[in-house]
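The values are calculated or read from the model by the stated rules, or taken from the named source; none is laboratory data. Keep in mind it's a predicted model, so treat the numbers as computed, not measured. Every residue, glycine as well, gets a Cβ built from its backbone with ideal geometry; the counts of neighbours run over all protein chains shown.
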Amino acid sequence: MATTGQGNSRPSKERAQEEPSTEPIPKAVPGESLLALKRRARRINRELGMAYPYAHAELDFSNAFELLVATVLSAQTTDVLINKITPLLFAKYPDARHLADADPADLEEILRPTGFFRAKSRNILALANRLVDEYDGQVPGKLADLVTLPGVGRKTANVVLGNAFGIPGITVDTHFGRLARRFGWTASEDPVRIEAEVGALFEPKDWTMLSHRVVFHGRRVCHSRRPACGACPVANWCPSYGMGETDPVKAAKLLKYELAPGNEALLAQLLAETHRAAEIRMASQKQNR
Ligand code: SF4
């Protein structure tokens, strides 16, 4: 079972109902040495690992091509929505060669629910053509090559490298950037700088899972507008504690997805079967269609 902290064997959901810890909260980090910052950052990563042992890429994919296309499509929309259309998309176009030959009108029809479907259709057609023309229809496994592909920036490239090729990468999306600043890991708004500054705090082998955990935490607890500080498993190590709701009962109501009130069965299943987390999530999303 996941726990919320070392020496604390209670799951985060339970802790959400309790009084906040009386441990001193570091309100600011000025003067924090690099060593202390690294230790605190790694502690947060460990705690997030215990809170979300089932964290994983939230886009469904079965190979590098599918992950690349799904990630490009996920711009300006949700992973949940993309997961709804990719089964049909990849059934019809299972690889770069089939996609490169797609009729643009057919493709637009499939992508219509994702918004900006004409631009996205053009993008992934161009992407598939480049893969066929220059990489024999395969997805390249190097950052320098990936970022030259249409619609592919560092974020997408790192998602693909980390999750399809097992090459460590930090994925700086809106959640990751916001939380990295709240954690005091960086002050920057620039994704490339955030990636470099956060990367320097961790071992490269930890980068990919760190990215999943931080994004999971951003989507479920540390929301952009109303972070649920009173139900947060890393509150003790977060200098931004108090910027959101600190009352544990009110904060618990702000939690989302499997942590949301009423979703205890889903959370229990994810904790019990972390190795099947992606399948469980897909099944729960299908039920909610
Ligand atoms: S929810 Fe609050 S305590 Fe937790 S990481 Fe976000 S700002 Fe920090």
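I'd like to know if the range 266-278 contains one or more residues that are crowded, with 22+ Cβ neighbours inside 10 Å and either within 16 Å of the ligand (Cβ to nearest atom) or under 30 Å from Lys38 (Cα atoms) (or both).
From the range 266-278, those crowded, with 22+ Cβ neighbours inside 10 Å are 270; that's our starting set.
Those left that are additionally either within 16 Å of the ligand (Cβ to nearest atom) or under 30 Å from Lys38 (Cα atoms) (or both): 270.
Yes, the conditions are met somewhere in the range 266-278.
Answer yes or no as to whether Thr174 is among the hydroxyl-bearing types (Ser, Thr, Tyr), assigned by TED's automatic domain parsing to the domain that holds Ile44 and under 22 Å from Ser33 (Cα atoms).
Values: among the hydroxyl-bearing types (Ser, Thr, Tyr): yes; assigned by TED's automatic domain parsing to the domain that holds Ile44: yes; under 22 Å from Ser33 (Cα atoms): no.
Judged against the criteria, Thr174 is not a match.
Looking at Ala164, Ala180, which is the one that is closer than 30 Å to Gly31 by Cβ and either surrounded by 14 or more Cβ atoms within 10 Å (Cβ to Cβ) or not assigned by TED's automatic domain parsing to the domain that holds Ala235 (or both)? If you could, list the steps in order and put the result at the bottom.
Working: Ala164 fails: closer than 30 Å to Gly31 by Cβ.
From the options Ala164, Ala180, the qualifying one is Ala180.
Residues of the range 158-193 being more than 16 Å from the ligand (Cβ to nearest atom), hydrophobic (A, V, I, L, M, F, W, C) and outside any loop (DSSP other than H, G, I, E, B), which ones?
Within the range 158-193, Val159, Val160, Leu161, Ala164, Val192 meet the criteria.
For the range 138-147, indicate whether the set of residues that are surrounded by fewer than 14 Cβ atoms within 10 Å (Cβ to Cβ) and in a helix (DSSP H, G or I) is non-empty.
Yes, there is a match, as at least one residue in the range 138-147 is surrounded by fewer than 14 Cβ atoms within 10 Å (Cβ to Cβ) and in a helix (DSSP H, G or I).
Would you check which residues across the range 41-81 are buried (at least 19 other Cβ atoms within 10 Å of the Cβ), outside any helix (DSSP H, G or I) and out of contact with any Asp or Glu (no Cβ under 6 Å at 6 or more places or on another chain) and list them?
Tyr52, Tyr54, Ala55, Ala57, Asp60, Phe61, Ser74 - these are the residues of the range 41-81 that are buried (at least 19 other Cβ atoms within 10 Å of the Cβ), outside any helix (DSSP H, G or I) and out of contact with any Asp or Glu (no Cβ under 6 Å at 6 or more places or on another chain).
Evaluate the following for Cys229: is it within 8 Å of the ligand (Cβ to nearest atom) and closer than 16 Å to Gly177 by Cβ? I'd like the intermediate steps shown before the answer.
Numbers: within 8 Å of the ligand (Cβ to nearest atom): yes; closer than 16 Å to Gly177 by Cβ: no.
In short, no.
Which ones in the range 77-125 are among the small types (Gly, Ala, Ser) and without any contact (Cβ under 8 Å) to a residue 40 or more places away in the chain?
Going residue by residue through the range 77-125, those that are among the small types (Gly, Ala, Ser) are 91, 96, 100, 102, 105, 115, 119, 121.
Answer for the range 77-125, where residues must be among the small types (Gly, Ala, Ser) and without any contact (Cβ under 8 Å) to a residue 40 or more places away in the chain: Ala91, Ala100, Ala102, Ala105, Gly115, Ala119, Ser121.
Do we have Val215 as within 16 Å of the ligand (Cβ to nearest atom) and surrounded by 18 or more Cβ atoms within 10 Å (Cβ to Cβ) here? It would help to see each step written out before you state the result.
Details: within 16 Å of the ligand (Cβ to nearest atom): yes; surrounded by 18 or more Cβ atoms within 10 Å (Cβ to Cβ): yes.
Taking the combined requirement at face value, the residue satisfies it.
Which one of these is closer than 17 Å to Glu58 by Cβ and either surrounded by 18 or more Cβ atoms within 10 Å (Cβ to Cβ) or within 16 Å of the ligand (Cβ to nearest atom) (or both): Leu259, Leu201, Leu254? Write out each step before concluding.
Details: Leu201 fails: closer than 17 Å to Glu58 by Cβ; Leu254 fails: closer than 17 Å to Glu58 by Cβ.
The match here is Leu259.
Against the condition closer than 21 Å to Gly177 by Cβ and of a type outside the set (S, T, N, Q), how does Pro248 come out, does it pass? Please lay out each step first, then the result.
Working: closer than 21 Å to Gly177 by Cβ: no; of a type outside the set (S, T, N, Q): yes.
So Pro248 does not fit the description; no.
Tell me which residues, restricted to the range 252-271, are free of Cβ contacts under 8 Å to residues at least 60 places away in the same chain, within 23 Å of Leu210 (Cα to Cα) and assigned to a helix (DSSP H, G or I).
Tyr257, Glu258, Leu266, Ala268, Gln269 - these are the residues of the range 252-271 that are free of Cβ contacts under 8 Å to residues at least 60 places away in the same chain, within 23 Å of Leu210 (Cα to Cα) and assigned to a helix (DSSP H, G or I).
Looking only at residues in the range 237-251 that are buried (at least 17 other Cβ atoms within 10 Å of the Cβ) and part of a helix (DSSP H, G or I), which one is farthest from the ligand (Cβ to nearest atom)? Can you show your working first?
Step one: list which residues in the range 237-251 are buried (at least 17 other Cβ atoms within 10 Å of the Cβ), which gives 237-241, 244-246, 248, 251.
From what is left, the residues that are part of a helix (DSSP H, G or I) are 237, 248, 251.
Working: Trp237: 9, Pro248: 12, Ala251: 8 Å.
Going through the qualifying residues, I end up with Pro248.
Could you check the range 82-96 and list, in sequence order, the residues that are loosely packed, with under 15 Cβ neighbours inside 10 Å and part of a helix (DSSP H, G or I)? Outline the logic, then answer.
First pass over the range 82-96, keeping only residues loosely packed, with under 15 Cβ neighbours inside 10 Å: 87-88, 91-92, 94.
If the condition is that a residue be loosely packed, with under 15 Cβ neighbours inside 10 Å and part of a helix (DSSP H, G or I), then Pro87, Leu88, Ala91, Lys92 are the ones that fit.
Out of Asn45, Asn129, Asn83, which single residue is outside the structural domain of Ser211 (by TED's automatic domain parsing) and under 30 Å from Lys256 (Cα atoms)?
Answer to the selection: Asn83.
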